[in-house]
Amino acid sequence: MPLSLPLSRRALLPFVAGVALLATTSSTVAGAAEACGSVITAPLARPVSADDPCPSTDPVVCRIRVLPMDEKVEAQRTRMRYHELLEDMHRTAADMRAAGATDEEIAREMVGMRNQAKEITRAGMTPEEVRILEERNIAKYGDPLGPTADQLYAKYGSWQQVTDASMRTSYAVDRELSLEYRPCPV
């Protein structure tokens, strides 16, 4: 009898450890599935030489690739602040919808908020970084902040799609900064 007790403890220990590991793993997976807002997906990539060809057509991505690491870290923080402003937009849209606002009213407010978010975010950037963003937007939309609500309506044909477009983020820029934006539930 005394031999069976230590043997059963030795058999029970791996079982208990396995259950504990499964519980930890499932809670980690659940936590990762629930993460929202700015989610860091990987360490930032080391800067590449300005002579290396950029695989992206987005000049912002090409600029980020060559930034010194300290500037790249700051660019990531700036992008995360921008994502926080997008979260404010999601909450405002939900509040407006609950208050009975029309799709057009919501869309116009979201486009205005996005432009404000761009201005707030750009305040923390270097003049060179702002110049690159503004040149791209002027070439594409005729405005340094980007498209107007009416331009987006002409492109998409519905105010709901304008709202959706105003709350999107650039996947390419986010990826270059090792981020993924996941809207939080409202």
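The values are calculated or read from the model by the stated rules, or taken from the named source; none is laboratory data. The model shown is predicted, which means the values in this text are computed figures rather than measured ones. Counting neighbours? That spans all protein chains shown, and the Cβs are built from the backbone with ideal geometry, glycine included. Ligands, DNA and RNA are stripped out before the accessible areas are found, and what is left, the full protein with its side chains, is counted by its heavy atoms. Shrake-Rupley method; radii C 1.70, N 1.55, O 1.52, S 1.80 Å.
Just to be sure, is residue 92 closer than 29 Å to residue 151 by Cβ and in contact (Cβ under 8 Å) with a residue 12 or more places away in the chain? Criteria met by residue 92.
Within region 138-148, being open to solvent by less than 50 Å² (accessible area, probe 1.4 Å) and either of a type in the set (Gly, Ala, Ser) or at pLDDT 95 or above (or both) holds for one residue alone: 146. Restricting 123, 107 to those that are among the hydrophobic types (A, V, I, L, M, F, W, C) and closer than 19 Å to residue 173 by Cβ reduces the list to 123. Every listed requirement among (1) in a helix (DSSP H, G or I); (2) of a type in the set (A, V, I, L, M, F, W, C); (3) open to solvent by 40 Å² or more (accessible area, probe 1.4 Å); (4) over 25 Å from residue 137 (Cβ atoms) is met by residue 45 save one, (1). The set of residues from region 77-88 being closer than 13 Å to residue 122 by Cα, open to solvent by 20 Å² or more (accessible area, probe 1.4 Å) and in contact (Cβ under 8 Å) with a residue 24 or more places away in the chain comprises 79, 80, 81, 85. Could you tell me whether region 114-129 includes any residue that is touching a Gly at 6+ places or on another chain (Cβ under 7 Å), open to solvent by less than 30 Å² (accessible area, probe 1.4 Å) and either without any contact (Cβ under 8 Å) to a residue 12 or more places away in the chain or more than 14 Å from residue 166 (Cβ to Cβ) (or both)? Looking for residues that are touching a Gly at 6+ places or on another chain (Cβ under 7 Å), open to solvent by less than 30 Å² (accessible area, probe 1.4 Å) and either without any contact (Cβ under 8 Å) to a residue 12 or more places away in the chain or more than 14 Å from residue 166 (Cβ to Cβ) (or both), one finds none in region 114-129, hence no. Residues in region 92-101 that are surrounded by fewer than 12 Cβ atoms within 10 Å (Cβ to Cβ) and part of a helix (DSSP H, G or I): 98 only.
Can you tell me which residue in region 149-169 is nearest to residue 105 (Cα to Cα), limited to those that are open to solvent by less than 60 Å² (accessible area, probe 1.4 Å) and part of a loop (DSSP other than H, G, I, E, B)?
Filtering region 149-169 for residues that are open to solvent by less than 60 Å² (accessible area, probe 1.4 Å) and part of a loop (DSSP other than H, G, I, E, B), the one nearest to residue 105 (Cα to Cα) comes out as 158.
Filtering region 102-113 to residues that are open to solvent by 60 Å² or more (accessible area, probe 1.4 Å) and either over 20 Å from residue 152 (Cβ atoms) or part of a helix (DSSP H, G or I) (or both) leaves 103, 104, 105, 108, 109.
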